[in-house]
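Novice: I am attaching a structure below and will ask some questions about it afterwards.
No lab work stands behind these numbers, since they all come straight from the coordinates. The model shown is predicted, which means the values in this text are computed figures rather than measured ones. Here Cβ is always computed from backbone atoms with ideal geometry, including for glycine, and neighbour counts include all displayed protein chains.
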Amino acid sequence: MEFKIIGAESTFLHPGKGFMPEKVRFEVRKDPLTGRTGHYSHFGAIKPQKLDLEHYKKPEIKGFCPFCLDKRDVATPKFTADVYPEGRPAKGEATLIPNLFPYDVYSAVMIMADDHVVPLEHLNNKRLHDAFTLGIDFLKRVKTLDPSLPYHLMTWNYMPPSGGGLVHPHQQYFATQCPGNQFTDELTASAQFYQMHGVDYWSLLVERERDSGQRYVANIGASHWLIPFVCLGILGDVMCIFPDVYSIEEFGERHINDLVVGLRKVFEYYQAEGIMSLNASLLFGAEGQRYFPCHLRVSARTFLNMRDFAPDLNFFQAILGEPVSVTMPEDLCKDVRRFF
Ligand SMILES: [Zn+2]
């Protein structure tokens, strides 16, 4: 397991410093598992932008929201009886519906709350717990219904900077044979690592990161929280690994509890930093393997500015498939750890 850093400096004559020579450092890091690279540059140049949540509540801005209670019954689909005889299963405020625009054969949307606008601090333990419990139940159910779809995912766009089309908080849950390039690269490399070394990469990563302490945030029950060596988001990521869970049926009540407790702490960090939007994914490998444990990635998102709403993704991610982060993982770790 190699944590490879290619670092260098660029020199130019700085206009703000009387055109004296200025050296600015950047880094390219190589993910120890997949070999995929990520750039670290632009340090401190991008600040999370404050979203006006009250604005999203205004009728002329809100427009038509199928997830709001006054529209939900007529505007959202229901499951067929073989999946959920009750049509739209619910737990507390969490309500699960089929995705009108499915990603795969079994593709669901979790409406997480009754309210249209829910700030991070109101994504409380109960709301998160109910949503994850119902979503995990769905994934377990579809695994039984169709075992030929081996991979199970929870994905989440929260608030407009994340790409979420609706402000009303919702997640996606689906089973698939095609879980995306990042998942597939991680999975393939994990299988190769296991074959070569006879040990699961992710458990070894937890051990290595815990020993070094540089990117290890905390342990909560069965979960280990850390900052990835190569982050995908511009403001960095937080990752959570469950080394004892290899597939969806092994994810139980205690794992949901650990997940919710940790996520709440990440959200407390976000609130302190003014971060108001995120992407997240919870990934499950196929049944039977012992090399790809369940893990969560949370990636902070923001607009670059509120003047023209420039997104925080550009040619790097869109064309080169290369993540760029403006925060070093080791610095991010120190900041996040204070909330755990
Ligand atoms: Zn709504």
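Novice: What value, in deg cm²/dmol to 500, does the helix sum -39500 (n - 2.57) over DSSP H runs of n ≥ 4 give at 222 nm once divided by the residues of the chain? Spell out each step's value before the answer.
Specialist: Details: 9 runs with 100 residues, N = 340.
When only DSSP H runs of four or more count, the value is -9000 deg cm²/dmol.
Novice: Further, regarding this structure: Given a cut-off of 17 Å, what percent of all Cα-Cα pairs of segment 67-205 lie beyond it? Walk me through the numbers before you get to the answer.
Specialist: On the way: 6134 of 9591 pairs.
Percentage above 17 Å: 64.
Novice: Could you tell me what fraction of 2.2 N^0.38 Å the Cα radius of gyration of segment 213-340 comes to, as a two-decimal ratio? Each step should come with its number before you reach the end.
Specialist: Numbers: Rg = 15.4 Å, N = 128, 2.2 N^0.38 = 13.9 Å.
Cα Rg divided by the expected 2.2 N^0.38 Å: 1.11.
Novice: Here's something else I'd like to know. Once the Cα atoms of segment 1-155 are picked out, what are the Rg and Dmax in Å?
Specialist: So, for segment 1-155, Rg and Dmax equal 23.6, 72 Å respectively.
Novice: Going by C-beta contacts inside 10 Å, put ILE256, ILE319 in order with the fewest on the left. Please report the intermediate quantities before stating the final value.
Specialist: Working: ILE256 18, ILE319 8.
With the sparsest Cβ surroundings first, the list reads ILE319, ILE256.
Novice: Could I ask something else about it? For q = 0.06, 0.14 Å⁻¹, what log10 I(q)/I(0) does the chain give under the Debye formula with an equal point scatterer on each alpha carbon and no solvent?
Specialist: The computed values of log10 I(q)/I(0) come out as -0.22, -1.20.
Novice: Report, by chain and number, residues whose modeled amide H sits under 5 Å from the one on TRP156, excluding near sequence neighbours (fewer than 5 apart, same chain).
Specialist: It is GLN172, ALA280, by chain and number.
Novice: Pick out which of PHE315, PHE174, PHE229 has the largest mean-square fluctuation in a Gaussian network model of the chain, springs linking Cα atoms closer than 10 Å.
Specialist: Result: PHE315 has the largest fluctuation of those listed.
Novice: Mind checking which lysines have their C-alpha under 18 Å from LYS17, skipping anything on the same chain fewer than 8 residues away?
Specialist: none
Novice: Could I ask something else about it? Most fluctuating residue of ALA280, ALA222, ALA113 in a GNM of the chain with Cα springs under 10 Å: which is it?
Specialist: The residue with the greatest mean-square fluctuation here is ALA222.
Novice: Can you work out the FRET efficiency for the pair ALA75 and MET306, with r the C-beta to C-beta distance and R0 = 45 Å, to the nearest 0.05?
Specialist: Values: r = 30 Å, r/R0 = 0.67.
After rounding to 0.05, the efficiency reads 0.90.
Novice: Then there is this: What do you get for Rg/Rh of segment 153-254 when both radii come from the Cα atoms and Rh is the Kirkwood radius?
Specialist: Details: Rg = 15.5 Å, Rh = 15.8 Å.
That ratio is 0.98, to two decimals.
Novice: A follow-up question, please. Neighbour counts of other C-beta atoms within 10 Å: give me THR95, THR76 arranged from fewest to most. Walk me through the numbers on the way to the answer.
Specialist: Details: THR95 23, THR76 17.
The order, fewest Cβ neighbours first, is THR76, THR95.
Novice: Here's a follow-up. Running a GNM on the chain with Cα contacts under 10 Å, which residue among ALA189, ALA175, ALA108 ends up with the highest mean-square fluctuation?
Specialist: Largest GNM mean-square fluctuation: ALA189.
Novice: Arrange MET328, MET1, MET110 by Cβ neighbour counts within 10 Å, fewest through most, would you?
Specialist: Working: MET328 18, MET1 12, MET110 21.
Arranged by neighbour count, lowest to highest, MET328, MET1, MET110 become MET1, MET328, MET110.
Novice: Quickly work out the LEU313-to-GLU27 label distance, labels modelled 7 Å from Cα along the C-beta direction, and quote it in nm with one decimal.
Specialist: Rounded to a tenth, the inter-label distance reads 2.5 nm.
Novice: For the cross-link pairs LYS126/LYS265; LYS71/LYS140; LYS50/LYS78; LYS23/LYS50, which exceed 25 Å when the distance is taken from alpha carbon to alpha carbon?
Specialist: Checking Cα-Cα distances, LYS71/LYS140; LYS50/LYS78; LYS23/LYS50 exceed 25 Å.
Novice: So, one more: Calculate the spin-label point distance for SER148 paired with ASP211, positioning each point 7 Å from the Cα along the beta-carbon direction, and give it in nanometres.
Specialist: A separation of 4.5 nm, rounded to one decimal place.
Novice: Once phi is turned into ³J(HN,Hα) by the Karplus curve 6.51 cos²θ - 1.76 cosθ + 1.60 with θ = phi - 60°, what whole-Hz value does each residue of segment 237-244 show in order, with x for glycine and proline?
Specialist: 10, 10, 10, 10, 10, 10, x, 9
Novice: Full extension from MET196 to ALA218: what is 0.36 nm times the residue separation minus their Cα-Cα distance, to one decimal in nm?
Specialist: Numbers: separation 22, 0.36 × 22 = 7.92 nm, distance 2.89 nm.
Gain in length upon complete extension: 5.0 nm.
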